Amino acid sequence: RNAGNTCTHAEGSMVGSLEFCTGKLGARMILVLGHTKCGAVYGATNAYIAAKRQEAPVNSALEGLLFDLAPVADKALQDSVEAVAAHAVRVNVFHTVDFLLKHSGPIREKVRSGQVEIQGGLYHLDTGKVEFMGRSPKQEEILKSIDALTLPPSMTREGGRTSGYGPAARGTYGVRTTADAPVSAEDALKMLKAGNERFAVGAPLAKHATLKMREALVSHGQAPHTAILGCADSRVPVDTVFDAMPGDLFVLRNAGNTCTHAEGSMVGSLEFCAGKLGSKLIMVMGHTQCGAIAGATKTYLAKKEGKGSKSAGSALEGLLVGLSGVAKQAEEELGCGVDQDELVSLSVRVNVFNSIDFLLKYSPSLKELVKNGNLEIQGGIYHLETGRVEFLGRSPRQAELLRSESASVPPSLQALPIRTTTDGPLPSNEALKLLKEGNARFTSGAAISGKVTPAMRKALVKEGQA
């Protein structure tokens, strides 16, 4: 359902949904149902008449929808606006039926072979009865004249740019380079959503880079509109999921889309992208059925029951132990005894925000950019089942973290000081605190000892142990 029972805007999702219903679900009837006194069509009539008189501009998405419906009213011009609008409601039903026949190859073929019927109807608000209007008068003509698949306008390159579902202008050289103007976080997010929609409905527009495009990327340099911290899972090819071209995205990937381990390289790379390359949006993207999060959840539950290893025996175990905190947080939100699949599902979401919070905690430069409005850090979850990304927005803790004045380097870059005879005695309570903190780091796989510099070794030799 939408305003005006139309496919004029966001038609990729409308047409794609109907293709799914008639294909996968086996439905044999599509009914396009309008209704009397339809506000959208009446608005379209007024927009059309206003445009005819004074070329009224389209200033919003709703007005754009109405303006695109206005040609429907043009087909039924009468003396009275009320009469025009009443007839336009009826014409609009067949306008939508014709759209489906023109722009969906699968539906058109099913209609042509007799497997599917597309008919129109009009619900009368005053009586509650539906007037069944049958097939479009143009159905036979359309079926005879159109053989090649014609994508919906918003799925095409030029049509999409004006409707908001196509790719952004690719830049001076066909790909984004430093020769192009910076992209705001808001526009970058729109590009991600538009690209993902194209991918999800099976109408990608990204193409292989030509020789000239590659040369432009070399000579002018990169200017990605978004940096993405995603999972290394082979089922989530980030550039493909967003129907992106070379130069569009700055992609970092690891198991679990996390900063828990090797965070220096992750944080540093994102600082480079946002600082040096000028990207205004960082997207942390998890995905459903994430093996790393499922493993971390299993590790957490085993450790909780006293069955797990107390320390990491390998890099993988260290990763799972480091991620197990998100499973603990998810269980606290859901309550004990929850189904493990449900726990994993929420842990994926918690982990996305956990990674965002990590960036805000441990990167003063990213934090400052966010605080000044020069950078957005948002989250998302890619659904393997549908191909669509669920955009989560900012971390719920962003405001709190931005207010905090404390700043620190990532844990993996921290190092403990050494003690020598010059440091003096350490009170027992402080010694016990150090032991507890060290053991907690060790059991969570985040130990920071062992990083001894040459200067430290010389001090131990010269000053002696304490």
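The values are calculated or read from the model by the stated rules, or taken from the named source; none is laboratory data. None of these values were measured; they are calculated from a predicted model. Virtual Cβ from ideal backbone geometry, glycine too; neighbours counted across all protein chains shown. Please note that ligands, DNA and RNA were not included when accessible areas were found on the heavy atoms of the full protein model with its side chains. Shrake-Rupley method; radii C 1.70, N 1.55, O 1.52, S 1.80 Å.
For GLY256, which sequence-distant residues (separation of 5 or more, or a different chain) have an amide H within less than 5 Å of its own amide H, given hydrogens modelled in the peptide plane?
Correct list: ALA232, ASP233, ALA292.
Using r as the Cβ-Cβ distance of SER269 and THR127, and R0 as 60 Å, what FRET efficiency do you calculate, to the nearest 0.05?
0.40
Please go through the residue pairs LYS102/LYS129; LYS328/LYS367; LYS207/LYS361 and name each one whose alpha carbons sit more than 32 Å apart in this structure.
LYS207/LYS361
Measure off 7 Å from each Cα along the Cα-to-Cβ vector at ARG394 and CYS336, then give the distance between these two points in nanometres to one decimal.
For ARG394 paired with CYS336, the spin-label model returns 3.7 nm.
For GLU117, tell me the accessible area in Å² from a 1.4 Å probe, rounded to the nearest 10.
About 50 Å², ignoring ligands and nucleic acids.
How far apart, in nanometres, would the label points at GLN289 and THR240 be if each is projected 7 angstrom from Cα along the Cα-to-Cβ direction?
That separation, rounded to one decimal, is 1.5 nm.
Report the net charge of residues surrounding GLU186, where surrounding means a beta-carbon distance below 10 angstrom and charges are Lys +1, Arg +1, Asp -1, Glu -1.
For residues surrounding GLU186, the net value is 0.
Order of 383-395, 285-297, 341-353 by packing, highest average Cβ count within 10 Å first?
Going by the mean number of other Cβ atoms within 10 Å, highest first, we get 285-297, 341-353, 383-395.
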